[in-house]
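S.K.: Take this structure, written in structure tokens, and hold onto it; I'll ask about it next.
No lab work stands behind these numbers, since they all come straight from the coordinates. This structure is a prediction, so every number in the text was calculated from the model and none was measured. Quick reminder, even Gly has a Cβ in these numbers, built from the backbone with ideal geometry, and neighbours come from all protein chains shown.
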Amino acid sequence: MRNGVIVFIAAFIALGVSWCGFVLAPVMQLGTEKQAAVLNSSDVYPIGRPGEANQGLQVYRANGCAACHTEQVQQSGFACDVMITSAGTNPPAVIAAWWRMQTNFFPNEMTQRFYSVIPNSGGVPQFPFERVRKEIADIAVESFQNVGAKAEIHIIAIGPDIERGWGLRRSVAEDFLYDQPVQLGSLRAGPRQRRRASARRQLAVGPPLRTASAREKFHHAAVPLSF
Amino acid sequence: MNPKENFDSNFGEASVPASRLVTSLASPIDASCRVPLLVLFSGAALWLVVGLLLSLAAVMTFHKPDMFADCPLLTYGRVQPAANDALLYGFCIPAGLGVMLWIFARLSRAELALPLVPVVAANLWHFGVLVGVVAILLGDSTGFVWLEFPRGGSALLFAAFLLIAISAVATFGQRRECELYPSHWFLLAALLWFPWIYSTANLFLVAWPVRGVAQVAINSWFATNLIFVWLALVGLGTAFYFLPKLAGRPLQTYYLALFVFWTLILFGSWMGITVSAPLPAWMSAASSVAAALTLVPVLAVAIITFKTVRGVPHGGISCKGEPFCYIKFGTAAFVLSALMLIAEACPQISRVIGFTWFGPAQVQLQILGFFTVVMSGAIHELLPCVMGFGLPFPKLVRLQHWLFMPGIVLWAGSLAVGGVAQGMKLGNPQTAFADSTAAALMFLRVGTTGLLFILLGSLLFATNIFIMTLKWKLALFKSLLAAFKAPLATPSASASLRRDRAVAEGKGGEVKP
């Protein structure tokens, strides 16, 4: 390249394109986000922080808590829970269908984690299959419906973070709508994490199982670290 | 300094014509850079020491958590960003700008244009960094990674950068050869890069913040473009100037360097959005693709360096710790840190090392291992030319290299390994979370030794620069004193006075009548 102007134009184009991609596009796509109505309720999500939590956010910013703590929950995939909502008129047939599938698909293990049963049904499990693949859940729901029961699938987010109880699903853009500044953090060097969860994504994929508060008031033990 | 003499004669043989690299030992060119460079470098050396001291204070939290527990000023969350910013804004950028001004003047075969402007700007810059670092320690950080300085500090930095850029572009415009050398491309692009990303980030995040996670996208874009692309542009531009100069053979090759330039600015600027970020999936996907493509310029840099260094008589490989070794080691560190950054963008790998010490390890390798080493090598090489006298303690240059090299390997290496160990435990929900942080603890403690080595090395660096500044100021003072004491003189006497003063300033007695 012979000319300074050409270098300048080359750099201008390269940076301009990436500016359009990672500055302009996010502002256009995410900058206009609004509260969304939560399905089957009059709630909206997210709602702004109450005053005390807002002050907490400023304490978080001033002390650089994001240097050691993250606000993101990661998710490695999803699994399905099968829930029987009504045992129907022939509970023994439901139990037989459940047992047949159990021995077919999971001969070596029970997939139940909560051994709750439907009341007055002669022992029909409420959650016959938990954390199973979508195909198996589909087959199970169909078989239960064939013997007169009502069943539905709940989609559950899985991953180490979720199993540790840090959230019910991965963090999404809406969670941070009212944060200023947004401080996701990129290092988990401290023992505490703020937990965030919402009913919204749950509702988008199935009825809520366990709901958590959308906002947890921020508080932080003085300074690191308990290890 | 020897290769310099035979450089021009060797130069015409290979792929880069001699006209593309203009070297001149004419001292007025060097002398014109003297004051601006001294201001930039001495401030930078001071910030390097301060930044490393703050880093050490931060890492002490992991040795003795209650050490600074009662002192909010030294809370980890404040000291850590203050240390990072002192290193990046305090050392890296002014050192890079100083070296850039000198390279532009040398390649243009012209004296530095508007030499007073960078002097003012350098003072402004260092004052801005001081404002920013103090504000972070007092709890007035903006909360955005690598953009923690509050508005006042950022405005000073921005203004100072523009002033230095004006002087650099004016010097570039004075050049006598039309043809550009590869260093020109990298350094010119860096001049455009910083004001653009810095103003964008400050406007969209601090002045008129956008809503929600768009902030995250912009912050990641800014951080990657500054830490990876800007440092790479300036560091590689400098390395591509000094490697052929010190090796005494041309850059291998001009066209490969052109290729690196294009691919680096095209792909590198798209990196940085992690897979885990709560952003639309297309962003992290685009970032991962860009990271995979960035592998191309990174490998090309390795090839250029290896081929340029390979044929050098007496030690393309062996190293005694002179500036040449600095540049070689720095370039190798760049390749390694870029590979680490690319690995982080790969979803499968990031699932393990995300949120661990691996990320900080990469940043430390980029800032300390690559940029600081290349810059200190370049400064050791150019400062004697600029000042007109040698370094006061040339042996410290070698000692510094032998402190930096193991220090950086130990510091960045143990953080990276600790990060992997931490990530293995973090990914297993049966392991208690505290176990995952404890897994990295041992490595952090080992790494602190490395940090101490680097700190010692930086002290040596600062010693050389400060003694040099002091010597120069003393000589200047003496000449002024002599001028003051001298009797009101006849024209011939005042001419001899001017000559004395010129000698004292190291201009070698060249006096305009």
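S.K.: Magnitude of the Cβ-charge dipole of the protein assembly as shown, K/R +1 and D/E -1, about the Cα centre, nearest 20 debye?
M.R.: Working: 54 positive and 36 negative charges, 269 e Å.
Its charge dipole is roughly 1300 debye.
S.K.: Counting pairs of alpha carbon atoms under 8 Å apart in space and at least six apart in sequence, what relative contact order in percent does region B:86-152 give?
M.R.: Contact order relative to length: 27 percent.
S.K.: Give me the extension gain from B:His63 to B:Met442: residue separation times 0.36 nm, minus the current Cα-Cα distance, reported in nm with one decimal.
M.R.: On the way: separation 379, 0.36 × 379 = 136.44 nm, distance 0.95 nm.
This chain segment gains 135.5 nm when fully extended.
S.K.: Please identify the cysteines of chain B that lack any partner cysteine with a Cβ under 4.7 Å from their own Cβ.
M.R.: Among the cysteines of chain B, those whose Cβ sits 4.7 Å or more from every other are B:Cys33, B:Cys71, B:Cys92, B:Cys178, B:Cys346, B:Cys385.
S.K.: With +1 on the Cβ of every Lys and Arg and -1 on the Cβ of every Asp and Glu, and nothing else charged, how large is the dipole of chain B about its Cα centre, in debye rounded to the nearest 20?
M.R.: Dipole size: approximately 940 debye.
S.K.: Please arrange B:Lys320, A:Lys34 by counting, for each residue, the other beta carbons lying within 10 Å of its beta carbon, fewest first.
M.R.: On the way: B:Lys320 12, A:Lys34 8.
Ordered by Cβ neighbours within 10 Å, fewest first: A:Lys34, B:Lys320.
S.K.: I would also like to ask the following. Can you give the charge dipole size of region A:77-158 about its Cα centre, rounded to the nearest 20 debye, using +1 on the beta carbon of Lys and Arg and -1 on the beta carbon of Asp and Glu?
M.R.: The dipole of region A:77-158 has a size of about 80 debye.
S.K.: Here's something else I'd like to know. Could you work out the local net charge near B:Ala302, counting Lys and Arg as +1, Asp and Glu as -1, over the other residues with Cβ closer than 13 Å to its Cβ?
M.R.: Net charge around B:Ala302: +3.
S.K.: Listing A:Glu163, B:Glu148, B:Glu179 from the residue with the fewest other Cβ atoms within 10 Å to the one with the most, what is the order? Walk me through the numbers on the way to the answer.
M.R.: Values: A:Glu163 12, B:Glu148 25, B:Glu179 15.
Listed from fewest to most nearby Cβ atoms, that is A:Glu163, B:Glu179, B:Glu148.
S.K.: State the number of lysine pairs found in region B:2-504 whose Cα atoms come within less than 16 Å, restricting to pairs 8 or more positions apart or on distinct chains.
M.R.: 6
S.K.: If you rank B:Cys346, B:Cys178, B:Cys325 by fewest surrounding Cβ atoms within 10 Å, what's the result?
M.R.: B:Cys178, B:Cys346, B:Cys325
S.K.: Using +1 at the Cβ of each Lys and Arg and -1 at the Cβ of each Asp and Glu in the protein assembly as shown, identify which of B:Ile273, B:Leu460, A:Leu177 lies farthest towards the dipole's positive end.
M.R.: Final value for the positive-end residue is B:Leu460.
S.K.: Pull out the extension gain between B:Asn428 and B:Phe127, defined as 0.36 nm times the separation in residues minus the alpha carbon to alpha carbon distance; nm, one decimal.
M.R.: Length difference between fully extended and current span is 103.6 nm.
S.K.: How well do other chains shield peptide B:67-79, expressed as the mean number of their Cβ atoms within 10 Å of each residue Cβ?
M.R.: That works out to 4 on average.
S.K.: When the Kirkwood hydrodynamic radius is evaluated over all pairs of different C-alpha atoms of region B:2-504, what value in angstrom, to one decimal, is obtained?
M.R.: 23.6
S.K.: Over chain B, what is the mean sequence separation of C-alpha contacts under 8 Å (at least six apart), divided by residue count, expressed as relative contact order in percent? Numbers along the way, then the final one.
M.R.: Working: 780 pairs, mean separation 80.1, N = 513.
For chain B, the relative contact order is 16 percent.
S.K.: How shielded is B:177-183 by partner chains, expressed as the average number of their Cβ atoms within 10 Å of its Cβ atoms? All intermediate terms of the calculation are to be shown ahead of the outcome.
M.R.: Details: counts 0, 3, 3, 6, 0, 1, 0.
The mean count of partner-chain Cβ atoms within 10 Å per residue comes to 2.
S.K.: How far, in degrees from 0 to 90, does helix B:281-310 lean away from the longest principal axis of the Cα atoms of chain B, to the nearest 10?
M.R.: Helix B:281-310 and the main axis of chain B meet at about 40 degrees.
S.K.: How far is helix B:231-247 tilted, in degrees, relative to the longest principal axis of the Cα atoms in chain B, given as a value from 0 to 90 rounded to the nearest 10?
M.R.: The angle comes out at about 50 degrees.
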